[in-house]
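Report on the structure given below.
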Amino acid sequence: MRKALFVIFHGFDPNNGISKKIFYQVNALKACGLEVHLCYMDETSGKKRLIDNQVIADYGDGIIGKIKKRTEFSSVTQYAKEKGIDFVYLRSNHNASYFTIQMVKQMKKDGMKVVMEIPTYPYDSEYKAQGISHQIFQDKLFRNQLAKHLDAIITFSDYDVIFGQRTIRISNGIDFESVKVKKSVNNTSKELNLIGVAEIHTWHGFDRVVKGLANYYSKPQKYIVKFHVVGYFFSKEGEAKFRKIITDNHMERYVILYGKKHGGDLDTIFDYCDFGIGSLGRHRVGIDRIKTLKNREYAARGIPFIYSETDSDFDNRSYILKAPADETPIDINQVIAFYRTVKMTPSDIRDSIRDLSWECQMEHVIKSI
């Protein structure tokens, strides 16, 4: 059995979609017949690097720990060599450096195939939009050189080449075992419930929905539309700005903020809601083509949804409403009218994306390598 090492450069949060995605990918690689080992950081008390829950390096706390976390990878390469790892899957944290280059070079010298996933590309504009471009200054210096030593870059975009290296283009996948389909279609004769689930950033554009609701309710309405927002805000400033938009437009009755929810609590909210809100502000960070996890989760849940980017897996499906990639408020009347045209059941929508399972996506990576 071939052996794989899946390497990330941070820890896990059970409420975080990224953490869930990583476990889905690891399980998918196992389902494809590989023996998979997972390397990650634990920073709950000091900084430790672990593989399969076993500490392989303890960096301690303070400034020394922070430095070693970013510079010490000999423990990883030594483990990979001793265990006879054939295939290494790195998940970029936008942390290209002299030290990550040396790690990859050693892995290649030891006969391993090495690929690196770049979750979002291009990503410079995201950092610029958040005012933290300085955080990837080193990455910009070294990323082309790092890419040169890889066997391929994994991307969820449509780019054939990134940083001078060939890409393997896949879609964000779905673990169907972990995402429950909506139980049934609700009675929407008097009310429509929209749901947006995310770690909320400016590029999600949820404010466009609130402003759309404000326009909708600027005239008396018998038909009720509500927006259920699930997740935490990436920044306190972003949360304060979003709440102000709600109060300034007097939408407190129609916009419900839940905070973090997962498991059965999240399933219950999805069963109550009818229509998903995907990303509506990717244009704010200069991204057009992207295959987001959220679009796939909505489809796996079995609900129609709206987004504004280009996603070739969904753009032409009958249960998709495309919003313009601009700052206009979402037209709620258009959402209502579109929802009434959707004839597919939740199970029909879910079955339409069976080929987007994580196992299918990771099998494509393995075959390409």
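Below are the figures for this structure:
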item	result
Filter result for Arg340 (surrounded by fewer than 18 Cβ atoms within 10 Å (Cβ to Cβ) and in contact with a Phe, Trp or Tyr (Cβ under 9 Å, 6 or more places away or on another chain))	no
Strands (runs of 3 or more DSSP E) wholly inside the range 16-101 containing at least 2 residues that are charged (D, E, K, R) and farther than 26 Å from Lys260 by Cα	47-51
Members of the range 234-283 that are under 19 Å from the mean Cα position of the chain (by Cα) and at positive phi	Gly259, Gly263
Selection from the range 261-271 of residues that are surrounded by fewer than 15 Cβ atoms within 10 Å (Cβ to Cβ) and either within 21 Å of Trp203 (Cα to Cα) or polar (S, T, N, Q) (or both)	Thr268
Top-ranked residue in the range 128-162 [being part of a loop (DSSP other than H, G, I, E, B) and either in contact with a strand residue (DSSP E or B) (Cβ under 7 Å, 6 or more places away or on another chain) or not assigned by TED's automatic domain parsing to the domain that holds Ser97 (or both); ranked as surrounded by the fewest Cβ atoms within 10 Å (Cβ to Cβ)]	Asp160
Subset of the range 55-79 [among the aliphatic types (A, V, I, L, M) and touching a helix residue (DSSP H, G or I) at 6+ places or on another chain (Cβ under 6 Å)]	Ile56, Ala57
Residue match in the range 111-126 (condition: modelled with pLDDT of 95 or more, part of a helix (DSSP H, G or I) and either in contact with a Leu (Cβ under 9 Å, 6 or more places away or on another chain) or under 18 Å from Leu5 (Cα atoms) (or both))	no
Which listed residue is crowded, with 19+ Cβ neighbours inside 10 Å and over 22 Å from Ile200 (Cα atoms), from Ile277, Ile349, Ile330, Ile303	Ile349
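The values are calculated or read from the model by the stated rules, or taken from the named source; none is laboratory data. All of these numbers come straight from a predicted model, not from anything done at the bench. A quick note on method: Cβ atoms are made from the backbone with ideal geometry, for glycine too, and the neighbour counts reach across all protein chains shown.
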